[in-house]
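The values are calculated or read from the model by the stated rules, or taken from the named source; none is laboratory data. Since the model is a prediction, treat every value here as computed from it, not as a measurement. Note that each Cβ is placed from the backbone with ideal geometry, even for glycine, and that neighbours are counted across all protein chains shown. SASA here: full protein model, heavy atoms, side chains in, ligands and nucleic acids out. Shrake-Rupley method; radii C 1.70, N 1.55, O 1.52, S 1.80 Å.
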Amino acid sequence: MRIAERIREISPFFVMKILAEAKALERQGRRVIHMEIGEPDFPTPQLVVEAALAFIRAGEVKYTPSAGLPELREAIAAHYERHYGIQVPAERIFITPGASGGLLLSLGLLLDKGGQIALADPGYPCYSNFVRVFDGIPCLVPVNETTAFNLDVDLLRNVWNDRMTGIVIASPANPTGAIMDPQVLKGLLDYVHKHAGYVISDEVYHGLEYGECGFHAPTALKFSSRALVINSFSKYFGMTGWRLGWVVMPEELIEGAERLAQNIFISAPTHSQVAALASFSEENLCELERRRLLFRERRDFLCQGLEKIGFSIRAKPEGAFYVFADCSRFSRNSSEFVMDLLAETGIAVAPGLDFGIHHSERYLRFSYTLPVAELAEGLERIEAFVQRRAPAVPLKLEKLC
Ligand SMILES: Cc1ncc(COP(=O)(O)O)c(C=O)c1O
């Protein structure tokens with residue numbers, strides 16, 4: 001049996017190896033503190049579950065139109081009006097199986113063989129792999145704290161060429177939690193559109209921002225109706241396993257998106273769409289705000305604790321539920337550090353290598369998808385672990401760029 005060439009280039013997640021090791025330790029009776037996983041620890045809100053159960057019991061779990069239930073598309077349009085004051089016609093909203101389905105749909109629509117997509121490194125690893133699935137070429141652009149780990153026009157200008165199809169950006173970002181400044185976002189949209197490219201803006205962590213209120217991160221829709229905006233019910237709405245997301249398509253791509261969605265998904269899961277409709281109720285939004293405040297408390301607690309131990313956090317995370325911390329004071333190889341940390345202390349975290357190649361050996365990603373009491377226990381174990389180790393020979397910071 002021969003597997004397609006492009007699949008050989010698709011990188012596995014190192015974090016899955018960590019998770020498997022962690023589960024093996026748990027089977028041996030060790031207590032593992034999981035800070036490697038990127039999903040909220042809270043259960044799906046009860047009223048959302050009830051809505052789905054009632055629908056399933058009624059027995060009409062059939063396909064929906066491929067762009068999604070019209071009521072859900074309307075509800076998402078109302079969500080943009082409510083939180084951003086932006087009017088988006090429901091016809092531009094495509095319901096997909098998770099944001100992952102949205103990325104697949106969007107990149108499938110845009111990429112020709114050999115087309116390039118610029119991506120920030122570090123960044124969400126699936127972007128590169130989705131690009132490879134369509135025989136495109138990911139163009140990784142090293143970013144660091146000088147641009148708050150975001151792409152900007154100067155960085156993009158250095159790599160832009162005739163084969164560029166566009167860019168994928170994320171704000172708040174995974175793994176850094178960085179939020180893009182509105183003017184930087186506008187600059188990127190203007191630049192890419194001027195060069196006849198497309199911007200895919202991944203906004204799956206919108207709502208999980210830790211200022212006074214949620215939904216202050218700018219959406220690309222504010223500046224452009226040509227951007228493809230990806231979102232999800234997984235993160236803010238806490239519905240990872242329901243596999244539901246959406247894409248706001250530009251007008252010119254609607255017809256192609258309909259044809260492609262019909263063929264690759266037929267439709268997103270129907271009971272999940274009904275559940276998602278219930279997630280916009282006032283009662284649920286109050287619960288989600290309570291959860292957002294808990295995430296904020298955890299972020300503050302974790303950042304403070306990690307810095308006290310000696311990790312360096314080069315850009316304070318403003319959203320999502322991750323801290324991307326520099327561990328070079330303790331190790332010259334973060335992947336090895338992660339394995340030792342797990343074996344010795346039962347703390348599971350993700351290594352920088354999962355998010356790119358640019359100085360990935362310096363970094364770890366900690367998820368704060370667990371209560372403060374567990375974070376406190378985790379920090380205690382980490383502190384004892386680093387105190388037992390000899391300090392690493394410092395990696396020179398000038399080498400960063
Ligand atoms: C930045 C980013 N985009 C997309 C996804 C995929 O989300 P979904 O569960 O909606 O497919 C994730 C999941 O972790 C993510 O971190």
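Once you order the gyration tensor axes a ≥ b ≥ c over the Cα atoms, which shape class does the range 282-401 get: rounded for a/c under 1.5, otherwise prolate or oblate by comparing a/b with b/c?
On the way: a/c = 2.25, a/b = 1.63, b/c = 1.38.
It comes out prolate by the Cα gyration axes.
Computed across the range 130-262, the Kirkwood radius stands at 15.8 Å (inverse of mean 1/r, all Cα pairs). With protein chains left intact and a 1.4 Å probe, residues in the range 62-280 average 35 Å² of accessible area per residue. Distance between the modelled labels on residue 262 and residue 91, one decimal in nanometres: 1.6 nm (7 Å Cα→Cβ projection). Here the extension length gained between residue 293 and residue 212 equals 28.2 nm, from 0.36 nm per residue of separation less the Cα-Cα distance.
Think of each Lys and Arg Cβ as +1 and each Asp and Glu Cβ as -1; about the Cα centre, that makes the dipole of the range 62-280 roughly 400 debye.
Our Cα-only numbers for the chain put the radius of gyration and Dmax at 21.0, 64 Å. Protection proxy ranking for 364-371, 159-166, using the average of other Cβ atoms within 10 Å per residue and placing the highest first: 364-371, 159-166.
Computed from the C-beta positions of residue 135 and residue 380, the FRET efficiency with R₀ = 56 Å rounds to 0.70. Here the peptides 381-387, 275-281 are ranked by packing, the mean other Cβ count within 10 Å, and the order with the highest first is 275-281, 381-387.
With the convex hull drawn around the C-alpha atoms of the range 276-316, the volume per residue stands at 75 Å³. Extension gain for the segment residue 308 to residue 57, taken as residue separation times 0.36 nm less the Cα-Cα distance, is 85.1 nm to one decimal.
Between residue 3 and residue 255, what is the FRET efficiency for a Förster distance of 35 Å, r being their Cβ-Cβ separation, to the nearest 0.05?
On the way: r = 33 Å, r/R0 = 0.95.
Once the sixth-power term is evaluated, E becomes 0.55.
When the chain is treated as a Gaussian network with alpha carbon springs shorter than 10 Å, the biggest mean-square fluctuation among 174, 150, 129 belongs to 129. Of the trypsin sites (Lys or Arg not before Pro) in the range 283-351, the ones in a loop by DSSP (not H, G, I, E or B) with at most 14 other beta carbons within 10 Å are 332.
Computed about the Cα centre, the dipole magnitude for the range 75-163 is approximately 200 debye when only Lys and Arg (+1) and Asp and Glu (-1) carry charge, each at its Cβ.
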